[in-house]
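J.: Could you have a look at this structure, given as structure tokens, before my questions?
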Amino acid sequence: MSVHSVMRTLRKNKTLRYGVPMLLLIVGGSFGLREFSQIRYDAVKIKIDPELEKKLKMNKISLESEYEKIKDSAFDDWKNIRGPRPWEDPDLLQGRNPEILKTKTT
């Protein structure tokens, strides 16, 4: 049996042509996925700067405290104002006169 006939037989074998690359992709993908997943867990273990941690603890705002602030507010008199598009003048859109605004700032 010559080398040429062996190579032709291997090329015609569908298991070697499609099955082996598929198995390599699945097994290699699982190892790659494990490495990328490990990055997430390593990032959690990183310590925060102590000064930043103190600032975060001092400015602790909870959802419940914010709810208590707005619980008794009346929202019956609100007005829906559309925000300006990038190409529109925001002062004209919201009904403000730009000449009056210029005189107030100077």
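The values are calculated or read from the model by the stated rules, or taken from the named source; none is laboratory data. Keep in mind that what you see is a predicted model, and the values were worked out from it rather than measured. Note that we place each Cβ from the backbone using ideal geometry, even for glycine, and neighbour counts take in every protein chain shown. SASA here: full protein model, heavy atoms, side chains in, ligands and nucleic acids out. Shrake-Rupley method; radii C 1.70, N 1.55, O 1.52, S 1.80 Å.
J.: Which of the residues belonging to segment 1-25 are of a type in the set (A, V, I, L, M, F, W, C), open to solvent by 100 Å² or more (accessible area, probe 1.4 Å) and either touching a residue at least 12 places away in the same chain (Cβ under 8 Å) or assigned to a helix (DSSP H, G or I) (or both)? If you could, list the steps in order and put the result at the bottom.
T.: Of all residues in segment 1-25, those of a type in the set (A, V, I, L, M, F, W, C) come to 1, 3, 6-7, 10, 16, 20, 22-25.
Filter once more, so that each one left must be open to solvent by 100 Å² or more (accessible area, probe 1.4 Å): 1, 3, 22-25.
Hits for segment 1-25 are Val3, Met22, Leu23, Leu24, Leu25.
J.: Another question about this same structure. Quick check on my filter: what residues within segment 27-37 are under 30 Å from Arg11 (Cβ atoms) and open to solvent by less than 100 Å² (accessible area, probe 1.4 Å)? Reasoning before the result, please.
T.: Quick first cut of segment 27-37, residues under 30 Å from Arg11 (Cβ atoms) only: 27-32.
Scanning segment 27-37 gives Val27, Gly28, Gly29, Ser30, Gly32.
J.: Let me ask something else about it. If we keep just the residues of segment 38-67 that are exposed (fewer than 10 other Cβ atoms within 10 Å of the Cβ), in a helix (DSSP H, G or I) and of a type in the set (Asp, Glu), which is nearest to the chain's Cα centre (by Cα)?
T.: The extreme case among them is Asp42.
J.: Now for a separate question. Test Asp77 against the stated conditions and say whether it is in a loop (DSSP other than H, G, I, E, B), at pLDDT 75 or above and not hydrophobic (A, V, I, L, M, F, W, C). First the steps, then the outcome.
T.: Values: in a loop (DSSP other than H, G, I, E, B): yes; at pLDDT 75 or above: yes; not hydrophobic (A, V, I, L, M, F, W, C): yes.
Yes; evaluated as a whole, the condition is true for this residue.
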